[in-house]
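Below is one structure, written out as structure tokens; the observations come after it.
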Amino acid sequence: MALRTGDTLIGRAPSCDVVFNVNSVSRQHARITVTGDGRCVLADAGSRFGTILNGAPVVGRAELMVGNVFQCGQIALSIEQAVEAADLLSEAHQMLEDSGTLIRRLDPAGARVGASASDDVQDESGAPDARPAIDRRSGTERRVANMPYARTDRRSGHERRHARLLRLLSEIGKTLISVQPLPQMLARVVDLVFDVVPAERAFLLLRDSSDQALTARILRNRDGSAPAQPTLSRTVVNKVMRERVAMLAADARYDSRLDGAGSIQAMNIRSFMCAPLWNRNEVIGVLYADNPRTKRFLTEDLDVFTALAAYAAVAIEQARLSEQLLQETKRRERLQRYHSPGVVNRILHGGTGTDAPFLMQHRDVTVMFCDLVSFTTLSEAMEPYQVAQVLNQFFTKMADVIFEYEGTLDKFIGDAILAVFGAPFEQADHVDRAVEAAITMQRALEEMNRESGARRMQMRIAVHSGTAMTGDIGSPKRRDFTVLGDVVNIASRMGSSIAKPGQIVISRETLGRLKRKVNATSLGQVGLWGKQTEVEVFEVVVGP
């Protein structure tokens, strides 16, 4: 959710702004305050288990940074930053062409394959660099000046810079190789920018896919604060992404309000570096760093910065894939409560949105009610843990059969099961599947009785077919898949008032639509509580 300026209260109480219905979360657990200057402050709200930030309880107030993760009980929350590119990128910038401008084309791995510049930097023919003055921060090259060197390292400054680059790349690789959640990964990339180059500000812009706009996910000063009303050159960012180049240059922001006076004045001239976040064949964003012009970047800074961007792009994609895998795992776990593995795979990979099958919709279905007979009396002689053990064994066995016939498990009701066939996907043979599942369930219970010995259980099953509403229903905080309609009421009452222990009863509507032959005996027309018309019911005889 987006944090607004002011307070956001987190807790279990419905009155909180962010509600987690979890026992480890107090009714009012923590408070996040966003100040007018964009700072984000966390405070515990008197919770029972405390609010944890960076492994330590929050005492008083603690400032949150982008990428921070804090815990309220067992719930972990992360802080992300997102600024639309339209609010950050500006046309009021002009790149200053001078001897310090460097533009490098990159290959897909982010390595340099050539460069062009306004002056004497390597051209695309691959000729060696005539390294400009910006290649050194200060001082004279010892090897050129034949100066003595006190220690054993007599390499040139150029060689030492390359050795430093290799060490930095090794450290960057080690840091980014571990899979982290995306917000922490983005924050770590920007931390590394400040570690390896003398940048005053750093920006990380990202897009979720090639057809989506950029979003600034990290905007940070070296001291951790957020830059005040920053803008970046839209031309530079677009060039870096479109042409897949890394740039080192200076730009100036202009005050367009002075245009009418005929003297557009440059403000805030900054040295900047910008490199694409390029993974495989897709540019997923840009990494941008800048300084006041008095602290200009050097060529060696661009070497490190470009390599960091290449590593970062791979790490970001790994974090994204890890998030997608986690989300799919959670969706799969939720779906497996109701559906067989085959149906789950169809929902997740069948070309429809993962939520589409759960929209409330009319379906022609067959509903099955199944419950244990006299289980309350049977459980009186058992300890509570034994009751739970028996029910778990029973439900597991019956659910496996329902899933075998690609039925949907609606819910467990005490010692009863409500299942539906023909939803969430249409099944032309849902009537046959339901009846065959009922027969198999009765046989499975007989097998359980033989294995248990003295304890013998019986169940009754009722099956009815008709039109129902199926899909998710509930509140925004808790929704469950279910089936609604008169077809459910009739099946329920057939089970509670007609079916006897060990019986399977089906309605005339179900029998008339069966494609397979079953041994069915009419029980006649019967009245059901709350229904004005009688229903003709049949018993399905289960053979050996």
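The values are calculated or read from the model by the stated rules, or taken from the named source; none is laboratory data. These numbers were taken from a predicted model, which means no experiment stands behind them. Because the Cβ atoms are built from the backbone with ideal geometry, glycine has one as well, and the counts that use them run over all protein chains shown. Side chains are part of the model used for accessible areas, which takes the heavy atoms of the whole protein and leaves out ligands, DNA and RNA. Shrake-Rupley method; radii C 1.70, N 1.55, O 1.52, S 1.80 Å.
Grab the beta carbon distance between SER170 and GLU243, set R0 = 22 Å, and tell me the FRET efficiency rounded to 0.05.
0.15
Once the Cβ-Cβ distance between ASP208 and ASN23 is put in as r, and R0 is 30 Å, what FRET efficiency do you end up with, to the nearest 0.05?
So, using R0 = 30 Å, E works out to roughly 0.30.
What residues qualify as long-range amide H neighbours of HIS29, i.e. H under 5 Å apart, gap of 5 or more or another chain, H built at 1.01 Å from N?
Distant-sequence amide H within range of HIS29: ILE10, GLY11, ARG12.
Excluding residues fewer than 8 places away in the same chain, name every one of the lysines whose C-alpha is closer than 26 Å to that of LYS531.
Counting by Cα, and skipping residues close in sequence, LYS531 has these lysines nearby: LYS411, LYS500.
Leaving out ligands, DNA and RNA, and with a 1.4 Å probe, what % of the accessible surface on segment 31-95 is carbon or sulfur?
Accessible surface attributable to carbon and sulfur in segment 31-95 totals 48 percent.
Determine which residues of segment 480-515 fall in the zone a paramagnetic label at GLU536 would reach in this model, i.e. backbone nitrogen under 15 Å from the point 7 Å along Cα→Cβ.
Output list for this probe position: 506-514.
Label points 7 Å out from Cα along the Cβ direction at GLN74 and PHE49: separation in nm?
Result: 0.7 nm between the two label points.
Please work out the FRET efficiency for the pair ALA56 and THR5, using the Cβ-Cβ distance as r and a Förster radius of 25 Å; give the result to the nearest 0.05.
0.40
Quick check: at a probe of 1.4 Å, how many percent of the accessible area of segment 386-544 sits on carbon and sulfur atoms?
After summing per-atom areas, the C and S share lands at 49 percent.
Over segment 27-92, with the other protein chains present, what is the accessible area per residue in square angstrom, probe 1.4 angstrom?
Normalised by residue count, the accessible surface of segment 27-92 is 54 Å².
Give the accessible area for GLU91 in Å² (nearest 10); use a 1.4 Å probe, count only protein heavy atoms, and leave out ligands, DNA and RNA.
Using a 1.4 Å probe on the heavy atoms, I get roughly 120 Å².
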